[in-house]
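Everything below concerns the one structure shown next.
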Amino acid sequence: MQLQSYLQNTRLSFDRMSSEKIEKYIKKAFPEHWFDYARELKDASMELWQSHKNVYIAYSTYEEGDFFRKLYSRTYFLLMGLAIENLLKGILISENPEYILDGKIDKEISSGHNLEALLKKVGSINFMDREIEICRTLSQLIPYWGKYPIPKNFSMLKNELFMTEEWFEELLKLYTKLEFKLCELNINGIKGPNNIDFPRLFVEGVSDKVKI
């Protein structure tokens, strides 16, 4: 009887610990945190843009010739790409809270950095062809030329794009569209998984434009 009681108490303790960890995980996956990471990444990119957008670097390579690009071209792309990825995932979790059921992120939104695939799963926004093309480009840059000089193998080699004023404005426009939608979806809170509801999300300058 003592052994049985011990095992039962151990099991209850384990279940309690698991339940607490699941709750903590789900709360860390609230849409507000995806927004928070996205805003931080975007703001970092904006800081670089404002201070270095007119700073260029020129260099030569043995095989590919001469290059002239903005100093932090790859960094602008990478930061804005990751910001947009965070917003897309926050939107998808808002639309599908079961994506974090039982403290596990669903493979629907966790397999790689395919932003084009994520964008096409969003049901609350209609995207233009250009926005899909942008996410297709970001899907290449985040796991590859935004961070490394080469991809995983030769068949995946792509030409690197250089940041321009036009590209930066397009990325910022898409970011703003996604940010607004995330705030709109969470303006009144959302029924979450495991009886843990998502809190209301209010972002000054964004949420106050939402029509309730």
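For this structure, a couple of remarks:
- Which numbered condition Glu133 misses (of (1) of a type outside the set (Lys, Arg); (2) exposed (fewer than 14 other Cβ atoms within 10 Å of the Cβ); (3) assigned to a loop (DSSP other than H, G, I, E, B)): (3)
- Pairing each residue of region 166-186 that is touching a residue at least 60 places away in the same chain (Cβ under 8 Å) and farther than 14 Å from Ser45 by Cα with any residue that is among the aromatic types (Phe, Trp, Tyr) and open to solvent by 10 Å² or more (accessible area, probe 1.4 Å), provided the two are 6+ apart or on different chains, yields C-beta distances under 6 Å for Leu182/Phe35.
- Number of positions in region 157-177 that are among the hydrophobic types (A, V, I, L, M, F, W, C), farther than 22 Å from Asn54 by Cβ and assigned to a loop (DSSP other than H, G, I, E, B): 1
- Some residue of region 185-202 being of a type in the set (Gly, Ala, Ser) and at negative phi: yes
- The lone exception for Lys191 - which of (1) in contact (Cβ under 8 Å) with a residue 60 or more places away in the chain; (2) exposed (fewer than 13 other Cβ atoms within 10 Å of the Cβ); (3) out of contact with any Asp or Glu (no Cβ under 7 Å at 6 or more places or on another chain) it fails: (3)
- Counted residues, region 69-81 - those being surrounded by fewer than 22 Cβ atoms within 10 Å (Cβ to Cβ) and either among the aromatic types (Phe, Trp, Tyr) or under 11 Å from Trp34 (Cα atoms) (or both): 1
- Given (1) within 20 Å of Leu92 (Cβ to Cβ); (2) exposed (fewer than 13 other Cβ atoms within 10 Å of the Cβ), index of the condition Ile142 fails: (2)
- Identity of the residue in region 145-158, closer than 19 Å to Leu79 by Cα and aromatic (Phe, Trp, Tyr), that ends up most open to solvent (accessible area, probe 1.4 Å): Tyr148
- Qualifying residue in region 97-116 (condition: crowded, with 16+ Cβ neighbours inside 10 Å, assigned to a helix (DSSP H, G or I), in contact with an Asp or Glu (Cβ under 9 Å, 6 or more places away or on another chain) and without any contact (Cβ under 8 Å) to a residue 12 or more places away in the chain): yes
- Some residue of region 85-94 being in contact with a strand residue (DSSP E or B) (Cβ under 7 Å, 6 or more places away or on another chain), surrounded by 10 or more Cβ atoms within 10 Å (Cβ to Cβ) and assigned to a helix (DSSP H, G or I): yes
- Checked against (1) in contact with a helix residue (DSSP H, G or I) (Cβ under 6 Å, 6 or more places away or on another chain); (2) open to solvent by 40 Å² or more (accessible area, probe 1.4 Å), Ile125 passes all but condition (2).
- Criterion: at pLDDT below 95, among the charged types (D, E, K, R) and in contact with a helix residue (DSSP H, G or I) (Cβ under 9 Å, 6 or more places away or on another chain) - qualifying residue of Lys158, Lys152: Lys158
- Yes/no for Lys120 being more than 14 Å from the chain's Cα centre (by Cα) and either over 22 Å from Arg39 (Cβ atoms) or without any contact (Cβ under 8 Å) to a residue 24 or more places away in the chain (or both): yes
The values are calculated or read from the model by the stated rules, or taken from the named source; none is laboratory data. Computed from a prediction, not measured in an experiment: that's the story for all the values here. Virtual Cβ from ideal backbone geometry, glycine too; neighbours counted across all protein chains shown. Heads up: the accessible areas ignore ligands, DNA and RNA and are worked out on the full protein's heavy atoms, side chains in. Shrake-Rupley method; radii C 1.70, N 1.55, O 1.52, S 1.80 Å.
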